[in-house]
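Beneath this line is the structure, given in structure tokens, with notes to follow.
The values are calculated or read from the model by the stated rules, or taken from the named source; none is laboratory data. Bear in mind the structure is a predicted one, so any value in this text is a computation, not a measurement. Please note: Cβ atoms are built from the backbone with ideal geometry, for glycine as well, and neighbour counts cover all protein chains shown. Heavy atoms of the whole protein, side chains included, go into the accessibility calculation; ligands, DNA and RNA do not. Shrake-Rupley method; radii C 1.70, N 1.55, O 1.52, S 1.80 Å.
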Amino acid sequence: MEKNFIIAGFGGQGVLLAGEVLATAFMLAGKKVTWYPSYGAEMRGGTVNCEVVASDEEVSAVNKLNTDFIVALNQASFDRFLKKIKKGGVMIANSSLVKELKSRADIDYLFSPITKLAEELGNIKMANILALGVLAKASKMVSLDNLIEALDRVLPPHRKNLLPLNIKALKIGYEYDLLPAGA
Amino acid sequence: MIAEAPSSKKILTKGNYAIAQAAINAGCECYFGYPITPQSEIGEFMSGKMQELGRAYVSAESELAAMNMVIGACSTGAKAMTSSSSCAVSLMQEALSYATSDELPVVLISVMRGGPGLGNIYPSQGDYFQATKGGGNGDYRLIVLAPSTVQECVDLTYKAFYLAHKYKNPTVLLADGLLGQMMEPVEFKEYPYPEIDNSSWALTGAKGRDGRVIRSYAPLAENQCVFLEKLFAKYKAIEENETEWEEIGTEDADVILVSFGSTSRNVKTAMKLCREKGIKAGFFRPITLFPFPSKRLSELASKTKKMISVEVNMGQMINDVRLAVNGKIPVELINKPVGAPPAPEEIVTRIEELI
Amino acid sequence: MTTQVFKIPESLRENVKYSFCPGCDHGVAVRLVAEVLDEMELKEKSILVASIGCSVTLYDFLNVDSIEAPHGRALAEATGVKRARPDKFVFTYQGDGDFASIGLAESLHAALRGENVSAICINNTTYGMTGGQLGPTTLLGQVTTTSPTGRNLEYYGYPVKIAEHVALCDGTAFSARVSLDSVANIRKAKQAIKKAFEVQRQGLGFGFVEILSTCPTNWKMSPSKAHERVRNEMMKTYVSGVYKDVTSGEQAHIMRPSFV
């Protein structure tokens, strides 16, 4: 079973790091996994994104046509990647910055006020990791334990003091009461 | 519980870092380089690690100088390398020509980006010709290894050092911007190859013997003839001993997809999609671009109806595929000029158009 | 009892066919290098990086381990050799075109980094091997095959004063210009070569000697006239002397690992 994920947002929202944590968590869960940053004109424009492909078998193809899960931390990412979601796929959007419009009936939308929740936690920079918590719950593909271990591995030594806060952010995202569209 | 067992030895790392760490594990004593996107992480990693280990690191004034520093270090028998990309590898062509003539074990990591000229920083396979045909003067070949995964970035970096020293010939690891920036779990096993004795030729100071000369200048035509015959006998041996490739589903294939490097990943998936659709497709990936697996492709040309070379450039490797096939069957091209490889579904659509 | 007052230096190869033109100062310069290698007992730990130009066949004369660099890249290769093997004595022998035209970046950057190597540069104000074209050191007014009416500023700009430029580099430990036009100056040249080698031995950084030299063939002069030209014309633009010597205590200096 192979699933792919795109995490996208403004430069500075930590989407590449969030992707790396997700990929590390998959690795710790014994999956085959590939992470790569976006290549395209948008690299210097509004959004940054990375794609993570996780599979029980060898991950071959990259730069895929369609995506199972999108995490859109800003409006530009939401608009850009909406059409890329597979039928039956999930759009996880940061409703603090994204308008809650549901133009596609063949996918699930999960709107969570990710930035607002991070602010309430006391550090807006935790939005990326908080979003991973939301994704973990929605996808049922990766456990909180693997994500916590991944955070511990990925955070550089000079950021290790932020590990407890990151774990808190992860849990807030995981425990946020989601209301899937159409439910 | 955190799953440790299946992945405890693995770490998630970028292709560029994987290459750099592998070079260190392979015993690389000297790194000389000049930054260029998308491979600058290699030099950044080396600058810290080499100093930590007491090995040599120089921020060279240019790629020209960097490659010549590698030559200098290699002349003493040291394991030495540089890394660069496309337009900057162009600056090294003169030195690579000298290094083949000097028969020195130079290792070059070439992480391709878009060209010609300054081009752009996106992934590309536009330097297939640069690596395999070369831009330097005279008759020479470089050994060229093409990884397709981050793990292969490690394994083939090890192999690059080994082959360079075994054959005293410059060896290129030809990666691309996608592989350089991609992260995958890798395992750094120990350097698996034997150390090569270089005491018969390395410059060590003429103690108790006459001075050795490493040179390419051959004032007499007959000397140059003898030298080139010897050089090409070596290339023949490399071809016989070291040609490497991967093939899947070729035995019953009506069409064989030929692809190298990161692009081959999507081609492999495209081949499987073709099979699901009832198209009898096979997959063939040259791992050594020189020596090119011409002999095997020639054999396969007698069994299949068509070959398609899939490349992210305007069609370069297709020339070698056509030479190998030698007119037995048609060879078509599916390409994208530059960027990440085309999606498997796009490749399948184009295969359907071609067959 | 007899005393030997003259012998062929051990650092020179035996029975070598002499390939320089009559009256060319390369022969004297190579001999001085060989004598200094002998006297400092460096032959067995030396690695020479040869260059392109008339100096290309230096390895045919000096009996030391050698590698031939592409045109202009001698000091990049020397950097590689020395960084790989800091315990060896590493030196280059280059012409002015090699050092100061095509290789200026490599030369000055080696000096700027303070690479612990030594470099000898032969300045004969022309590209000798290719038939006497204008080079970076060609004097104003000098006629060459590519400056048929003489070097003028409008078309060719100024000649380069190599020893002065090298002396400006912080990593330079010793920089001097010498000539070979008289016995006294030949003695001074040998002392300068020795000093340029000695600073490497002490790990003080880049050692450099620019040697003003004749090219009777391309200058179309007899050897004695050629030496008169060195004295009367070249030495006016290229003034002999020591331009930097950190052993004289004028400045603190980086230290590099080196041999004893």
Averaged per residue, what accessible surface does the stretch B:246-354 expose to a 1.4 Å probe, in Å²? 36 Å²
Exposure ranking of C:F208, B:F188, C:F6, A:F111 by accessible area [1.4 Å probe, largest first]: C:F6, B:F188, A:F111, C:F208
Counting DSSP beta bridges with both ends in the protein assembly as shown, the antiparallel % (nearest 5): 30 percent
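May I ask you to rank B:S200, C:S66 by accessible area, largest first, using a 1.4 Å probe over the protein chains only? The partial results should precede the final answer.
On the way: B:S200 90, C:S66 0 Å².
Ranking B:S200, C:S66 by accessible area, largest first, yields B:S200, C:S66.
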Please quote Rg/Rh for the stretch B:132-226 to two decimal places, taking the Kirkwood radius as Rh and restricting both calculations to Cα atoms. 1.09
With θ set to phi - 60° and the Karplus curve 6.51 cos²θ - 1.76 cosθ + 1.60, what are the ³J(HN,Hα) couplings of the stretch B:244-251 in order, to the nearest whole Hz, using x for Gly and Pro? 9, 7, 10, 9, 9, x, 8, 4
5 angstrom amide H check on A:S95, placed H, neighbours 5+ away: A:S112, A:I114
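Taking only the alpha-carbon atoms of the stretch C:114-216, what semi-axes of the equivalent ellipsoid follow from 5 times the gyration tensor eigenvalues under a square root, in whole Å, largest first?
On the way: eigenvalues 164, 52, 21 Å².
Square roots of five times the eigenvalues give 29, 16, 10 Å.
Take the Cα pairs of the protein assembly as shown, get the Kirkwood Rh, then feed it into Stokes-Einstein at 37 °C and 0.692 mPa s and tell me D in µm²/s. Please list the in-between numbers first.
Numbers: Rh = 29.4 Å.
Result for D is 112 µm²/s.
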DSSP loop (so not H, G, I, E, B), at most 12 other Cβ within 10 Å: list which GluC sites (Glu not before Pro) in the stretch B:1-83 pass both filters. B:E4
Let me know the mean shielding of B:173-182 by other chains, meaning the per-residue number of their Cβ atoms within 10 Å of its Cβ. 2
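First obtain the Kirkwood hydrodynamic radius of the stretch A:2-175 from its Cα pairs, then insert it into the Stokes-Einstein equation at 37 °C and 0.692 mPa s, and state the resulting D in µm² per second as a whole number. Kindly include the intermediate steps, with their values, before the conclusion.
Numbers: Rh = 15.8 Å.
Translational diffusion coefficient: 208 µm²/s.
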Mind checking the angle between helix B:150-167 and chain B's longest principal axis? C-alpha axes, 0 to 90 degrees, to the nearest 10. 50 degrees
Long-range amide H partners of C:A173 with built H, under 5 Å: C:F206, C:G207
Compute the angle between helix B:93-102 and the longest alpha-carbon principal axis of chain B, please, reported from 0 to 90 degrees and rounded to the nearest 10. 60 degrees
If you project the alpha carbons of the stretch C:101-152 onto their three principal axes, what span does each projection cover, largest first, in Å? 41, 21, 13
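Could you tell me the total accessible area buried at the B-A interface, probe 1.4 Å, in square angstrom to the nearest hundred?
Details: alone 15460 and 9040 Å², together 22010 Å².
Result for this pair: about 2500 Å² buried.
Give me the one-decimal Kirkwood hydrodynamic radius in Å for the stretch B:246-354, with the sum taken over alpha-carbon pairs.
Numbers: mean 1/r = 0.0747 Å⁻¹.
The Cα-based Kirkwood calculation yields 13.4 Å.
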To test your reading of the geometry: what angle, between 0 and 90 degrees and rounded to tens, separates the Cα axis of helix B:15-25 from the longest principal axis of chain B? 40 degrees
Mind ordering B:125-131, C:79-85, A:120-126, B:88-94 by average Cβ neighbours within 10 Å, highest first? C:79-85, B:125-131, B:88-94, A:120-126
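May I ask for the percentage of alpha-carbon pairs in the stretch A:96-183 that lie more than 17 Å from each other? Please list the in-between numbers first.
Working: 1935 of 3828 pairs.
When every Cα pair of the stretch A:96-183 is considered, 51 percent fall beyond 17 Å.
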Given unit charges at Cβ for Lys, Arg (+) and Asp, Glu (-), the dipole magnitude of the protein assembly as shown about its Cα centre in debye, nearest 20, is 440 debye
Where a Cα-Cα gap under 20 Å defines reach, which aspartates and glutamates qualify for A:K125, not counting those fewer than 8 residues away within the same chain? A:E20, A:E149, A:D152, A:E175
For n ≥ 4 DSSP H runs only, could you compute -39500 (n - 2.57) per run for chain B, divide by its residues and tell me the 222 nm figure to the nearest 500? -12500 deg cm²/dmol
Across the residues of B:335-347, average count of Cβ atoms on other protein chains within 10 Å? 3
Write down, largest first, the equivalent ellipsoid semi-axes of chain B in whole Å, where each equals the square root of 5 times an eigenvalue of the alpha-carbon gyration tensor. 34, 25, 18
Dipole of the protein assembly as shown, positive direction: furthest Cα of B:T82, C:T214, B:A301, with charges on the beta-carbon: C:T214
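How large is Rg/Rh for the stretch B:141-197, to two decimals, with Cα atoms and a Kirkwood Rh?
Numbers: Rg = 12.0 Å, Rh = 12.0 Å.
A ratio of 1.00.
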Share of carbon and sulfur in the accessible heavy-atom surface of the stretch C:26-245 [1.4 Å probe, %]: 57 percent
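Would you mind getting the Kirkwood hydrodynamic radius of the stretch C:11-98 from its Cα pairs, rounded to one decimal in Å?
Values: mean 1/r = 0.0755 Å⁻¹.
Across the stretch C:11-98, the inverse of the average 1/r is 13.2 Å.
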Once every DSSP H run of n ≥ 4 in chain C is given -39500 (n - 2.57) and the sum is divided by its residues, what mean residue ellipticity at 222 nm do you get, rounded to the nearest 500 deg cm²/dmol? -8500 deg cm²/dmol
Mind checking which lysines have their C-alpha under 29 Å from C:K195, skipping anything on the same chain fewer than 8 residues away? B:K207, C:K7, C:K43, C:K45, C:K82, C:K88, C:K161, C:K236, C:K244
Expressed in angstrom, Rg and Dmax over the Cα atoms of chain C are 17.4, 66
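Taking every residue in A:57-69, how many Cβ atoms of other protein chains lie within 10 Å of its Cβ, on average?
On the way: counts 0, 4, 5, 13, 13, 13, 14, 6, 5, 2, 0, 0, 0.
Shielding by partners across A:57-69 averages 6.
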Heavy-atom accessible area of B:M182, protein chains in place, probe 1.4 angstrom, given in Å² to nearest 10, is 0 Å²
Considering only B:N223, B:N198, B:N313, give the residue with the highest GNM mean-square fluctuation for chain B, with springs between Cα atoms whenever their separation is below 10 Å. B:N223
Output the peptides C:222-232, B:69-79, A:95-105 sorted from most to least packed, where packing is the average of other Cβ atoms within 10 Å over each peptide's residues. B:69-79, C:222-232, A:95-105
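Could you tell me which of the pairs A:K87/B:K272; B:K10/B:K133; A:K83/B:K189; A:K99/B:K268; A:K84/B:K280 are separated by over 31 angstrom between their Cα atoms in the structure shown?
Going by Cα-Cα distance, B:K10/B:K133; A:K83/B:K189; A:K99/B:K268 fall outside the 31 Å limit.
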